[in-house]
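The structure appears right after this line, and notes come after that.
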Amino acid sequence: MTTSRRKSPAAAVRRPAKGTPRAGRAARPADGRHAALVLQGGAALGAYEAGVLRALLEAGRRLDIVTGCSIGALMAAIVVGSRGDPIEALDDMWHRFAVTVNPFLPNLFARSLPLPSSSNVYRPNPVWFTMPTLATHMYEAGPLEAALAEWVDFDKLNASPTEVIVTAVEVKSGRLVEFSSHRDGLGARHIVASASLPPVFPATRLDGGEYWDGGLIASTPLRPAINAMERHNRLKRVQLWELIVVDLFTPLAGPPHDLTDVLQRAFELTFFGKFQHDLKLFQWMNAQLDLMIEVDRALPKSSPVRRHPAYVKLSKHRRVDRLTILRTADPQALGGPADFSRESIERRMKLGYEEAGAVLKT
């Protein structure tokens with residue numbers, strides 16, 4: 001989906017901030033477009049996003065902003081701050097998340113419950129095994145934090161002109177909080193906080209607060225991407241901003257047939273369904289900015305309307321020139337978010353790579 005190109009009215013023009021050379025593949029110049037990439041949370045479905053990222057990196061797409069939530073936060077950090085080749089780091093990440101199918105468990109659990117291993121990121125919480133009703137989480141977050149330190153050079157990430165923003169929920173207040181590499185900087189615990197899905201992982205303690213997975217409130221960090229795009233545009237006005245969203249929500253071929261299907265669909269609607277409402281709000285706001293542009297052209301320079309607080313506030317916003325939504329054309333091939341089997345992960349990565357590659361060629 002695309003929108004037409006227009007210029008934003010009354011946008012402030014400042015000298016661009018000085019930055020260090022762009023890091024890794026995320027920085028290679030493309031065709032002059034500036035882009036913000038939005039990576040959803042989605043548990044095992046995030047492997048599709050990994051395939052999309054490989055296609056974007058190989059195409060040399062310029063990424064000025066990357067926002068991520070949950071599993072998307074991990075990949076956002078890797079794609080900008082990888083210690084080596086980000087594609088290899090993404091492959092290693094998903095290799096460690098993959099589970100061996102257990103033939104002795106029901107299908108859903110056989111593909112989602114991992115066995116502890118030195119090669120993966122799962123270390124069971126002893127309390128969950130001994131007194132499950134007293135446990136607050138199933139797995140410890142330490143191995144995931146250690147793995148992030150292997151995959152990501154956070155000094156490189158925070159020095160990159162590509163801004164990375166991840167979201168998490170402050171447990172006590174219920175507020176959705178943004179952590180940015182361009183403001184206070186990011187560390188491994190910020191990324192883990194965004195991926196601390198209860199009751200799988202414990203709340204992450206950070207700066208005096210405790211944080212859970214940002215997907216509990218908004219699995220698609222769309223608003224942080226648009227806000228960051230406007231901030232970047234105030235520093236350096238550009239002609240075209242593209243917003244790229246990877247959407248993991250898929251329609252059902254039919255109604256749920258059993259309790260497992262019901263629970264899985266409820267999870268999908270809770271975490272992914274909100275994007276459909278966010279999209280409608282985005283389209284409405286972009287239409288208002290189109291109208292604002294026309295009003296700005298027609299309004300006399302001396303008109304008192306230009307000093308009206310609402311006019312001043314609207315004039316500071318910047319419309320999105322092009323919206324690209326990447327979603328699978330084969331929902332059944334994507335499967336369910338709890339299926340971490342190696343075969344399913346590899347299938348999703350291949351599907352995301354091929355479908356994104358086809359879109360990028362058009």
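Here is the figure for region 77-123: residues that are modelled with pLDDT of 90 or more and either part of a strand (DSSP E or B) or among the small types (G, A, S) (or both) total 6. Does region 151-162 hold any residues that are within 12 Å of A77 (Cβ to Cβ) and of a type in the set (D, E, K, R), and which are they? Listed by number, the residues that qualify are D153, K156. Of the helices (runs of 4 or more DSSP H) lying entirely inside region 174-282, the ones with 1 or more residues being free of Cβ contacts under 8 Å to residues at least 12 places away in the same chain and open to solvent by 10 Å² or more (accessible area, probe 1.4 Å) are found at 222-235, 259-272.
Condition (residue is without any contact (Cβ under 8 Å) to a residue 24 or more places away in the chain, assigned to a helix (DSSP H, G or I) and open to solvent by less than 70 Å² (accessible area, probe 1.4 Å)) applied to region 344-357: is it met by at least one residue? No: zero hits. Among the residues of region 119-160, those that are open to solvent by less than 60 Å² (accessible area, probe 1.4 Å), among the hydroxyl-bearing types (S, T, Y) and either without any contact (Cβ under 8 Å) to a residue 24 or more places away in the chain or farther than 24 Å from E210 by Cα (or both) comprise Y122, S160. Could you run through region 292-329 and say how many residues are closer than 30 Å to S219 by Cα and open to solvent by 70 Å² or more (accessible area, probe 1.4 Å)? Total satisfying the criteria: 4.
Looking only at region 308-362, which residues are touching a strand residue (DSSP E or B) at 6+ places or on another chain (Cβ under 9 Å), more than 25 Å from G254 (Cα to Cα) and at pLDDT 95 or above? Matches in region 308-362: A356 only. Filtering region 37-60 to residues that are over 20 Å from L269 (Cβ atoms) and assigned to a helix (DSSP H, G or I) leaves A47, A50, G51, V52, L53, R54, A55, L56, L57, E58. Out of curiosity, is A356 under 24 Å from L222 (Cβ atoms), among the small types (G, A, S) and within 22 Å of the chain's Cα centre (by Cα)? The answer is yes for A356. For the residues R189, R183, the requirement of being among the charged types (D, E, K, R) and touching a Leu at 6+ places or on another chain (Cβ under 7 Å) singles out R189. Filtered by the rule that a residue be within 19 Å of V192 (Cα to Cα) and more than 18 Å from the chain's Cα centre (by Cα), region 68-103 gives R83, D92, H95, R96, A98.
The values are calculated or read from the model by the stated rules, or taken from the named source; none is laboratory data. A quick note: this is a predicted structure, and the numbers were derived from the prediction, not measured. Cβ sites come from the backbone with ideal geometry, for glycine too, and all protein chains shown count toward neighbours. To get the accessible areas, we keep the full protein, side chains included, count just its heavy atoms, and leave off ligands, DNA and RNA. Shrake-Rupley method; radii C 1.70, N 1.55, O 1.52, S 1.80 Å.
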